[in-house]
Amino acid sequence: MFIYTVYVKPTAFDIFVVMFLFFFFMVIAIVLISFSVQRRKEEFFRRFSYGLRVEDGKLVLPESLPVEVGTYILKCYWRSSGRSSYYSCDVESFVRESLEIREIELSKLCIDTFYIYAVARNNDLLIYAPGLRVSSGVYRDIYVLCLDSSRIPSKNIDLVAGTGNEYAKAGVYLDSQGYRVVVEHVFNVLKEKKFVYDEKTGVYRVVEEYVEKPRARSARLELCFKTTGVRGSRCITVASTDNVNKAIEGIYKFSIISKLVVFHKDLLSRTAYTIFSNTVKIQGNIDPGIVIAGYTSNWVKAKLVLDIPRGFDISTEKEL
């Protein structure tokens, strides 16, 4: 009895099939693992949120947890790695204390100003706020941030754009309720009296007119807020006037609906805008799908513009 062993050399096609199946199942496994990890984070976040409460001026956590208390800057946006894009958050923390706590005084948590920039289209997010971060365990990277308007300082600045007989001037006032601005297009030119025939009444009347026309079409005051974008800021016109020598007032105010904001850093790609649009109410001129509120030093500028038709605008800006 003879036994023959036949060796069949695999073809390039066979190798390709094996490698394709290997990578196919590896990708499926990675997707399933990622989905499972995401679901676990969502479940632990819900458990944490349901167990969170405020009692007698204290924030009470679901259980005793290791936390970092301080002020946080979160910058979240979509990035590109060539063929694919991914959402990620950069976090800059100014930690004051690392503690193991079950509860903490709100007065100890809410010790700084806050700032919010969120966009619905892609969940871009820029946050500056005091609060705490769970530093380890199943609740790791869950944040509780405090949006306390009373921490916003009262400030005011004056701006002037232009010189001589024609210029714009403005005042910007900041307090815990938001921003108020006053802008005026100043035109110091002599007037002369003229007789003008009124066809409706059939009589002549005396009117005063400037001996020359203003160069500028209008004057406007913009507030420019820091963003995650390449340009660095988004400007909003708060007050504008096309009349001369008449002051116009405008407001950009915000009110906080929920003082405490809870979120998981790894779940913000779908929830960032929703969280903060449900947290703050804005009164002022702003595009739909954008939330900008609060104040922090060096992140807000006032820009005064004298609009010159068929010429270069005259502008000046100052940080608040």
So which residues in the stretch 81-110 are buried (at least 16 other Cβ atoms within 10 Å of the Cβ), over 21 Å from Gly51 (Cα atoms) and either at pLDDT 95 or above or over 15 Å from the mean Cα position of the chain (by Cα) (or both), if there are any at all?
Tyr87
Please identify the pairs in which a residue from the stretch 294-320 that is farther than 15 Å from Glu166 by Cα and in contact (Cβ under 8 Å) with a residue 24 or more places away in the chain has its Cβ atom under 9 Å from the Cβ atom of a residue that is of a type in the set (Asp, Glu) and assigned to a loop (DSSP other than H, G, I, E, B), counting only partners at least 6 apart or on another chain.
Thr296/Asp112
Out of everything in the stretch 48-71 that is over 22 Å from Ile111 (Cβ atoms) and among the hydroxyl-bearing types (Ser, Thr, Tyr), what residue ends up being least open to solvent (accessible area, probe 1.4 Å)?
Ser49
Please enumerate the residues belonging to the stretch 163-174 that are part of a strand (DSSP E or B), open to solvent by 70 Å² or more (accessible area, probe 1.4 Å) and not charged (D, E, K, R).
Tyr173
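Scan the stretch 287-307 for residues that are buried (at least 16 other Cβ atoms within 10 Å of the Cβ) and in a loop (DSSP other than H, G, I, E, B) and jot them down.
Selection gives Tyr295, Thr296, Trp299.
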Out of all the residues in the stretch 108-128, which are closer than 23 Å to Arg79 by Cβ and not β-branched (Val, Ile, Thr)?
Tyr115, Tyr117, Ala118, Ala120, Arg121, Asn122, Asn123, Asp124, Leu125, Leu126, Tyr128
Residues located in the stretch 260-283, provided they are surrounded by fewer than 17 Cβ atoms within 10 Å (Cβ to Cβ) and outside any helix (DSSP H, G or I)
Val262, Asn278, Lys281, Gln283
Please find, among Val206, Val280, Val300, Val244, the residue that is at pLDDT 95 or above and either out of contact with any helix residue (DSSP H, G or I) (no Cβ under 9 Å at 6 or more places or on another chain) or under 21 Å from Ser150 (Cβ atoms) (or both).
Val300
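The values are calculated or read from the model by the stated rules, or taken from the named source; none is laboratory data. Please read all numbers here as calculations on a predicted model, not as lab measurements. Every residue, glycine as well, gets a Cβ built from its backbone with ideal geometry; the counts of neighbours run over all protein chains shown. SASA here: full protein model, heavy atoms, side chains in, ligands and nucleic acids out. Shrake-Rupley method; radii C 1.70, N 1.55, O 1.52, S 1.80 Å.
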